[in-house]
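Here the structure is laid out as C-alpha cells; the discussion comes afterwards.
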Amino acid sequence: MDQKKTGQFLKSLRNEKGLTQEQLAKQFNVSNRSVSRWETGTNLPDISLLVEIADFYDVDVREIIDGERKSEMMDKETREVADKMADYAGNEKSKLLRFVQIAGISGIVLTILSLVLQTISYEPDLRRATAILITFVVFVVVSIITLYVTGLLQKITKHRKLVKAIKITTIVVMALVTHYVLVLFLVLGLFFASFYGAKIEVSTDASEFNKYIHNEQNYDTEYSMGSNPLFDVMPEKIEGDVTEYQLTYYNPWDGQYIVYMTLDYGDKYDEEIARLQAIGIDEYEGIYTVTGEPEGYDLVAMDSDDYSGFVYAMIPEGQDGNTKITYCAIVFCNYSLDLDVHEYMKEEYLLPGFDATDDNPYRKEMMGT
C-alpha cells in the first residue's frame with residue numbers, strides 16, 4: 001500500500017469538492033491536522049471513517065486504499081464487510097477510550113487531591129517544592145489527555161475566547177508556581193551560601209572579648225548569641241591578668257562558641273568567687289552525656305541548657321592561696337555542634353563524656369529519632 005499515493009488521491013477528491021481542509025475536518029469531526037496528515041500520507045483515516053469518506057466522495061473504499069479510481073464500484077457484500085469492520089473497530093476503540101477516560105478522570109482527581117494536601121502542609125523545602133511542581137505538571141498533562149480522548153479538547157479549540165482564557169490562566173498559574181520556586185531556590189541559595197561561606201574565627205586577643213560576649217550593641221547581628229543568658233557566668237569585662245585566652249566563633253546559621261579563659265584576679269578573687277557562687281550550679285550531668293566536672297577542678301558556677309550547651313567557671317581543686325579562675329563555654333543550638341570541640345577546647349577543661357556531634361545519643365533522645 002502506498003500511503004503517499006492514497007494521500008494524494010484524498011487531496012484530489014477534496015479539491016474536486018472545492019473544500020478546504022478546515023471544512024473537511026468539520027465534516028468528519030476531526031482536527032485540521034488529521035486531514036493534513038491524511039493528504040501527506042503521514043497517517044491514514046481510521047477504518048471506521050473509510051466508509052463515510054468513500055460515501056462522501058462517492059468512491060469505492062478500495063479506490064481510497066489503492067489511491068486511484070476503479071472502473072467498477074464496490075459491490076454490496078464488500079460494503080457490508082467494510083461496514084462490519086468499521087463497527088467492530090469502532091466498538092473496540094470505544095472500549096479503549098472509555099478505559100482511558102476513566103483513568104484520566106481518576107488521575108485528575110488524584111492529582112488535585114495531592115496538590116491540595118501538599119499545599120496545606122507546605123513548608124519551605126526544595127524536595128517538597130519540586131514534588132508540588134511535578135504534581136502540577138502531571139495534572140496539566142493528564143487533563144489535556146483526558147480532554148482529548150473525551151473529544152472536549154476539539155470542541156474547546158473551536159472557541160477562541162475560551163482557548164485564550166485557558167492560556168492566560170495557565171500562564172498566570174505557571175508564573176505563580178515559578179515565583180514560589182524561585183523564591184525557595186533564593187532562600188536555599190542564601191542558606192547554603194551562609195552555611196558554606198561561614199568562616200571559623202579563632203581569637204587569642206582578650207581585648208576582643210566583648211566583640212563576641214555581652215555584646216548588647218550588636219544584638220541581633222552576627223554575634224547576637226553573645227547576649228545569651230548562659231554567658232552570665234562570664235565576667236562583664238576582663239579584669240585581672242589574662243593567663244590564657246582562646247575564643248572560637250562559628251556562625252553557619254546560628255552562632256556557635258567554644259571558649260576557655262583563665263584570669264588571675266589577685267586581691268579581687270573573693271569578690272568574683274562571690275558573684276559566681278550567687279549564680280550557682282545548674283543540673284548538668286546527663287545533658288549531652290556529661291558525667292561530671294573536669295578532673296582536678298571544682299565547679300564554682302554552671303549555666304547549662306539542654307538545647308544550647310554549657311558555660312561554667314571552675315578553680316583548681318585543693319590549691320590553697322589560688323587566685324585564678326578558668327571560664328569555659330560550649331554554646332550551640334539544635335542539639336549539635338558543628339565544630340570539633342577537641343580541636344578548640346583544652347582536654348583538661350572539657351566536661352567528661354560531652355558529646356554534641358551530629359549523631360549524638362542525647363540529640364536522638366530529645367528529637368525522638
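The values are calculated or read from the model by the stated rules, or taken from the named source; none is laboratory data. Everything quoted here is computed from the prediction, not taken from an experiment. Every residue, glycine among them, receives a Cβ derived from its backbone with ideal geometry; neighbour counts consider all protein chains shown. Side chains included, ligands, DNA and RNA excluded: accessible areas come from the protein's heavy atoms. Shrake-Rupley method; radii C 1.70, N 1.55, O 1.52, S 1.80 Å.
For the ranges 254-262, 356-364, what's the packing order if you count other beta-carbon atoms within 10 Å of each residue, average per peptide, and put the highest first? Please report the intermediate quantities before stating the final value.
On the way: 254-262: 22.0, 356-364: 14.4.
Ranking, from highest mean packing down: 254-262, 356-364.
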Measuring from centroid to centroid over Cα atoms, what is the spacing of the range 323-369 and the range 1-19 in Å?
84
Which order do you get for 310, 136 if you rank them by accessible area with a 1.4 Å probe, largest at the top?
136, 310
DSSP-assigned coil residues among GluC sites (Glu not before Pro) in the range 252-338, each with at most 13 further Cβ atoms within 10 Å:
283, 285, 295, 317
What is the sum of charges, Lys and Arg at +1 and Asp and Glu at -1, for the other residues whose Cβ falls under 12 Å from the Cβ of residue 263?
-2
For residue 270 and residue 31 in one chain, what is 0.36 nm times their gap in residues minus the Cα-Cα distance, to one decimal in nm?
76.4 nm
Please state the charge dipole magnitude for the range 261-333, taken about the Cα centre, from unit charges on C-beta atoms (+1 on K and R, -1 on D and E), reported in debye and rounded to the nearest 20.
220
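Top to bottom by accessible area (1.4 Å), largest first, where do 330, 315 land? Intermediate results must be reported in sequence, preceding the final value.
Working: 330 0, 315 35 Å².
Sorted by accessible area, descending: 315, 330.
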Under a 1.4 Å probe, counting only protein heavy atoms, residue 342 has an accessible area in Å², nearest 10, of 100
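Ignoring ligands, DNA and RNA, how do 105, 120 rank by accessible area with a 1.4 Å probe, largest first?
On the way: 105 95, 120 130 Å².
The ordering from most to least exposed comes out as 120, 105.
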Could you provide, to the nearest whole Å², the per residue accessible area of the range 261-319 with probe 1.4 Å?
46
Filter 199/364; 237/268; 211/237; 211/346 down to the pairs with a C-alpha to C-alpha distance above 18 Å, please.
199/364; 211/346
Tell me which trypsin sites (Lys or Arg not before Pro) from the range 232-314 have a DSSP coil assignment and no more than 11 other beta carbons within 10 Å of their own.
237
